[in-house]
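The values are calculated or read from the model by the stated rules, or taken from the named source; none is laboratory data. Quantities reported herein were computed from a predicted structural model and do not represent experimental measurements. Methodologically, a virtual Cβ is constructed for each residue, glycine included, from the backbone with ideal geometry; neighbour enumeration extends over all protein chains shown. Heavy atoms of the whole protein, side chains included, go into the accessibility calculation; ligands, DNA and RNA do not. Shrake-Rupley method; radii C 1.70, N 1.55, O 1.52, S 1.80 Å.
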There are 2 protein chains.
Amino acid sequence: MFKINILAVGKNKDCWVDESITHYLKLLKKYADLSVIYIPDVRQSKNFSEKELRKAEAVLIENKFASDYRIALSDRGKSLNSFQFAAFLSDIMIKQGRCDFIIGGIFGLDDSILKQCACTLSFSPMTFSHQLIRPILLEQLYRGFSIISGGKYHK
Amino acid sequence: MFKINILAVGKNKDCWVDESITHYLKLLKKYADLSVIYIPDVRQSKNFSEKELRKAEAVLIENKFASDYRIALSDRGKSLNSFQFAAFLSDIMIKQGRCDFIIGGIFGLDDSILKQCACTLSFSPMTFSHQLIRPILLEQLYRGFSIISGGKYHK
């Protein structure tokens, strides 16, 4: 089964984020073996600048890499529509069989992480919070699998 | 105070959608007088085609127009980044003082609604569910007001 790991910096801040993730993970079960791996954020504990913080988080992220094929989410990334994302997903499923999606913390991802990723995707020209992007990614994965399998979800 | 009405077709399907909306409405209180107006979807009750359904929903939406300045959300709309959206919002706040954001049902909005809107915005080249777009719009409004007021939320 297609193994997808979502690496996310910082725990879910609110109940509804937890619940939305549970909701989509349940729907996605039939399509992939999906795990969400939470990486502690370091912002509360140290008096770091944004850059230092991203660097410190980068070390923690690297320790949790679960696949050799990694996709970063960043607003500097490539834009795809839902059909293109489905094709992208299908291609990884066939060629790699597993992948990591990486979502940064409040200040995004360090360049050292982006360099270790096969590609960087942007889900919108708008900036979305690092919390809200979690259900957004999951919904898009579900939509992608629905497109690939001819399901009803994507009209 | 800036009056914003969000007209959304179909009730919130899941608890986490309700809770995410409550979460952002609370945060937005200091910036605007915001209401979410739910418009019943007609899909369960009639055996309509997608087009007929959108037309039937359009009549219900028109009955709930609460402002003369209306903004439709559709993936055929104009893309803005978060700073451009903040400037857009600030302009409406100054010139209009009130506006409606309109979110369609599962099959989107009828052209007759788009024609009655001052503009149509797209939040992503990806298609997001008509449920998930609700917290996405609210988060973007909160981010927009934070940018306008120099708040900390948008870095």
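Take every DSSP beta bridge whose two residues both sit in the protein assembly as shown, then give the antiparallel share in percent to the nearest 5.
Around 5 percent antiparallel, to the nearest 5.
Between residue A:11 and residue B:37, what is the FRET efficiency for a Förster distance of 35 Å, r being their Cβ-Cβ separation, to the nearest 0.05?
0.55
So what is the calculated 222 nm ellipticity per residue for chain A, using -39500 (n - 2.57) for each DSSP H run with n of 4 or more, over all residues, to the nearest 500 deg cm²/dmol?
Rounded to the nearest 500, it is -12500 deg cm²/dmol.
Cα convex hull of the stretch A:1-61: how many Å³ per residue?
Numbers: hull volume 5.0 nm³, N = 61.
Taking only Cα atoms, the stretch A:1-61 has a hull volume of 82 Å³ per residue.
Please identify every one of the trypsin sites (Lys or Arg not before Pro) in the stretch A:1-61 that sits in a loop by DSSP and has no more than 11 other beta carbons within 10 Å of its own beta carbon. Kindly include the intermediate steps, with their values, before the conclusion.
Working: sites: A:3, A:11, A:13, A:26, A:29, A:30, A:43, A:46, A:51, A:54, A:55; in loops: A:11, A:13, A:29, A:30, A:43, A:46.
Here the trypsin sites (Lys or Arg not before Pro) that fit, given the DSSP loop and packing criteria, are A:29, A:30, A:46.
Taking the DSSP beta bridges in chain A as the whole, what percent of them are antiparallel, to the nearest 5? Before the final figure, lay out the partial values.
Details: 1 of 23 bridges.
If we restrict to bridges inside chain A, about 5 percent are antiparallel.
Helix B:133-149 against the longest principal axis of chain B: what's the angle in degrees, Cα atoms only, rounded to the nearest 10?
Result, in degrees: 20.
Ballpark to the nearest 100 Å², how much total accessible area do B and A bury together, probe 1.4 Å?
Buried surface at the B/A interface: approximately 2600 Å².
Using only C-alpha atoms and all pairs of different ones, pull out the Kirkwood radius for the stretch B:14-100 in Å with one decimal. If you can, show how the numbers build up before the last one.
On the way: mean 1/r = 0.0638 Å⁻¹.
Taking the inverse mean of 1/r over all distinct Cα pairs, the stretch B:14-100 comes out at 15.7 Å.
How compact is the stretch A:66-108 by the rule of thumb for globular proteins, expressed as Cα Rg over 2.2 N^0.38 Å?
Against the compact-globule rule of thumb, the ratio is 1.25.
Compute the acute angle (0 to 90°) between the alpha-carbon long axis of helix B:50-62 and the principal axis of greatest extent of the alpha-carbon atoms of chain B; round to the nearest 10°.
50 degrees
Considering every pair of different Cα atoms, what Kirkwood radius, in Å, is found for the stretch A:113-153?
Numbers: mean 1/r = 0.0834 Å⁻¹.
After inverting the mean inverse Cα-Cα distance, the result is 12.0 Å.
Once you have the Kirkwood Rh of the protein assembly as shown from its Cα pairs, apply Stokes-Einstein at 4 °C and 1.567 mPa s and quote D in µm²/s.
My calculation gives 64 µm²/s for D.
If amide H atoms are built 1.01 Å from N in the plane of the peptide, which residues on other chains or at least 5 residues away come under 5 Å of the amide H of residue A:37?
A:6, A:7, A:8
Just to confirm my numbers, what's the Cα centroid distance between the stretch A:66-82 and the stretch B:130-155 in Å?
23 Å
So, in Å, what gap is there between the alpha-carbon centers of the stretch B:1-62 and the stretch A:1-63?
Each part reduced to its Cα centre gives a spacing of 30 Å.
Residue by residue through the stretch A:104-118, which ³J(HN,Hα) values in whole Hz follow from phi under the Karplus form 6.51 cos²θ - 1.76 cosθ + 1.60 (θ = phi - 60°), with glycine and proline marked x?
Ordered by residue, 3J(HN,Hα) equals x, x, 4, 9, x, 9, 5, 4, 4, 6, 4, 5, 8, 9, 5 Hz.
Let me make sure I get this right: for chain A, a, b and c are the square roots of the gyration tensor eigenvalues over alpha carbons, sorted descending. Under 1.5 in a/c it's rounded, otherwise prolate if a/b > b/c, else oblate. Which is it?
Numbers: a/c = 1.80, a/b = 1.55, b/c = 1.16.
Judged from the Cα gyration tensor, chain A comes out prolate (a/c at least 1.5, a/b above b/c).
So what's the net charge close to residue A:27: Lys and Arg +1, Asp and Glu -1, counting the other residues with Cβ under 15 Å from its Cβ?
+3
Mind checking the angle between helix A:15-28 and chain A's longest principal axis? C-alpha axes, 0 to 90 degrees, to the nearest 10.
Around 40 degrees separate the two axes.
Å³ per residue of the Cα convex hull, for the stretch B:76-155?
Convex hull of Cα atoms, per residue: 97 Å³.
Taking the Cβ-Cβ separation of residue B:111 and residue A:51 as r and a Förster radius of 30 Å, what is the calculated FRET efficiency to the nearest 0.05?
0.05
What are the label-to-label distances in nm, one decimal and shortest first, from residue B:55 to the same spot in the other copies, with labels 7 Å along Cα to Cβ?
6.4
Using a probe radius of 1.4 Å on heavy atoms only, what accessible surface per residue do you get for chain A? Whole Å² is fine.
Value returned for chain A: 47 Å² of accessible area per residue.
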